[in-house]
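Just so it is clear, none of the values below were taken in a lab; they were calculated from the coordinates. As the structure is a computational prediction, the values presented were derived from the model and not from experiment. All Cβ positions, glycine included, derive from the backbone under ideal geometry; neighbour counts span all protein chains shown.
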Amino acid sequence: MTVTAARMLWNGCVCFVGIGLPSAAANLARLLHAPEIVLIYESGTIGTRPDVLPLSIGDGELAETASAVVPLPEIFAYWLQGGRIDVGFLGAAQVDRFGNLNSTVIGPYAHPKVRLPGAGGASEIAAHAKQIFVVLKQSLRSFVPTLDFVSSAGFMAGGGARAKSGAPGRGPQAIITDYGVLRPQPDTEEFALVARYETTTASAAVKATGWPLVVAPTLEVIAPPTAAELEALRALHARTQTAHSRPVKLPV
Amino acid sequence: MPIVTLKDAIERHVRDGDSLALEGFTHLIPFAAGQEIIRQRRRDLHLIRMTPDLVYDQMIGAGCARALTFSWGGNPGVGSAHRIREAIEQGWPRPLAIREHSHAGMAAAYTAGAARLPFGLLRGYIGTDLARVNDGIRTVTCPYTGEALATVPALNPDVTILHAQKADRAGNVLISGILGAQKEAGLAARKLIVTVEEIVDDLAAPMNAVVLPHWVVTAVACVPGGAWPSYARGYYPRDNAFYIAWDDVSRDRGRFGEWLERYVLGTADFAGFIARLRADGGGP
């Protein structure tokens, strides 16, 4: 999943990165085929090149390796709303068939069953990046017919709704999961499964989806990770694990 | 301006019922100040922070807050902020009124606040449900193009508290590294308290550095380590291991309560807090 997501990023693209799986994919891309990718985190770090994955959106190494560190109001105004982001890479707790995302609540907002962290940067990343990639695990809990809450908008109600909304970016162009890749269909704008892994099947993907999942008539089979990709990812996670458990000594 | 103790600064400037912004986006989070507010048993606070982080997890879990304005409320990279979740889901230890935004919205709100404008403007919240649950999020029609744009009320906290690297003896403050919305939150507030790693004779600030001049600062206190477990660029790194370990500490009400009693309520100040953590075999 991470390797497939990383492959979608091209060298030199400007990518606004969410924490978690998006961050792993974006950094893997930089280590492999996209050394000149410009990674931007909402903490204001532009062109960051961390050696380990940040635990938070504002870890120190993001600043130390960045070409520029700007204030947060600036990153959201000049860089994101200013239309300078090629790809916004997002995760979510729930997604619906039009690529709308929920990271806010499970259950009713006023009395949530589960209160999730919230929208953060996602609402405006989803609106303004030239395109969005979403990466999340696919299951009946995450692929739901109706979102409990829309934290960030994909194609909204579908069928041209986004074009009328004033959102400048083209919206989500790929959802990458542990079953394969989904892409929006023309006209309906509903996501369909277009690719699977060697080890997954269309019928398993359909069973893991809470709405009648459209499957493309011909399914691409995604090439498995190469040895180089796997080794780079393994090493990245290993360095990250070490760094995140390192004890801190306060000089006081 | 005299440099005061953190205890004095909180005693004098933070009242029950105040709206309070302890800003610092992952970096320079004023944890020592948050704990001193818990220690002094402030109540009914309206807490404002883009990412509540562990500092508000602690203050909300301690019962200091009646309301929270925020845009992302988890333990970054780890999972839930359990005390905040429990306050919202169960009203424990007391009901928490929430006003929820996106980061871009809160950034615009602080920016408007610093400029003493009534609202922030952004091309935001498009297609989301946030405006349905926060009636502060509205729209305005552009008088030039006719486009509908989102507005958010300006944020003007009664008190903003920041942590920074240095202040000089006059109270000029230097901030470097990840800046978040610190400057905006500081200039939007009626009063600004800053805790710093050290007091120096001369800031020696490079020309375009972020400096808050003494005449916008209400009080400065020297609290070395005062951002821990967050970090201060140039002084100590983020304590990611502590953030990960906090998941277990704050997951259970009882365990959180014990931690709070022993380390915050049961110590006189931040130095005592660190000393006790170390004496117990943990701590930085």
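What the table below lists for this structure:
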{"item": "Diffusion constant of the range A:111-180 at 25 °C, which comes from Stokes-Einstein with the Kirkwood Cα-pair radius and 0.890 mPa s, µm²/s", "result": "183 µm²/s"}
{"item": "Pair A:Lys164, A:Lys137: separation of 7 Å Cα→Cβ label points (nm)", "result": "3.8 nm"}
{"item": "Of A:Lys130/A:Lys249; A:Lys249/B:Lys166; A:Lys113/B:Lys191, pairs whose Cα-Cα distance is over 31 Å", "result": "A:Lys130/A:Lys249; A:Lys113/B:Lys191"}
{"item": "Karplus-derived HN-Hα couplings along the range B:84-91 (A = 6.51, B = -1.76, C = 1.60, θ = phi - 60°), whole Hz, x at Gly and Pro", "result": "5, 4, 5, 5, 6, 6, 10, x"}
{"item": "Modelled FRET efficiency - R0 35 Å, A:Thr65 with B:Arg278, Cβ distances, 0.05 increments", "result": "0.65"}
{"item": "Separation in nanometres of the label points that stand 7 Å from Cα toward Cβ, at B:Val200 and B:Ala97", "result": "4.3 nm"}
{"item": "Largest to smallest principal axis extent of the C-alpha atoms in the protein assembly as shown, angstrom", "result": "74, 55, 49"}
{"item": "DSSP-assigned coil residues among trypsin sites (Lys or Arg not before Pro) in the range B:177-284, each with at most 16 further Cβ atoms within 10 Å", "result": "B:Arg190"}
{"item": "For B:212-218, mean number of other protein chain Cβ atoms within 10 Å", "result": "0"}
{"item": "In the range B:114-180, the trypsin sites (Lys or Arg not before Pro) that fall in loop regions by DSSP, at most 11 other Cβ within 10 Å", "result": "B:Arg116"}
{"item": "Under Karplus coefficients 6.51, -1.76 and 1.60, residue-wise ³J(HN,Hα) of the range B:13-24 in Hz, glycine/proline x", "result": "10, 10, 10, 3, x, 5, 8, 9, 10, 9, 9, x"}
{"item": "Shielding by other protein chains, B:120-126, mean Cβ within 10 Å", "result": "6"}
{"item": "Extension reserve of the B:Ala271-B:Gln40 stretch, reckoned as 0.36 nm per residue once the Cα distance is removed", "result": "81.6 nm"}
{"item": "Shielding by partners, peptide B:179-191 (average Cβ within 10 angstrom, other chains)", "result": "2"}
{"item": "Extension reserve of the B:Leu121-B:Arg253 stretch, reckoned as 0.36 nm per residue once the Cα distance is removed", "result": "43.5 nm"}
{"item": "Distance in nm between pseudo-label sites at A:Gln185 and B:Cys142 (7 Å out along the Cβ direction from Cα)", "result": "3.5 nm"}
{"item": "At most 13 other Cβ within 10 Å, DSSP loop - GluC sites (Glu not before Pro), the range A:133-211", "result": "A:Glu198"}
{"item": "Residues B:Cys64, B:Cys142, B:Cys222, sorted so that the one with the fewest Cβ neighbours within 10 Å comes first", "result": "B:Cys142, B:Cys222, B:Cys64"}
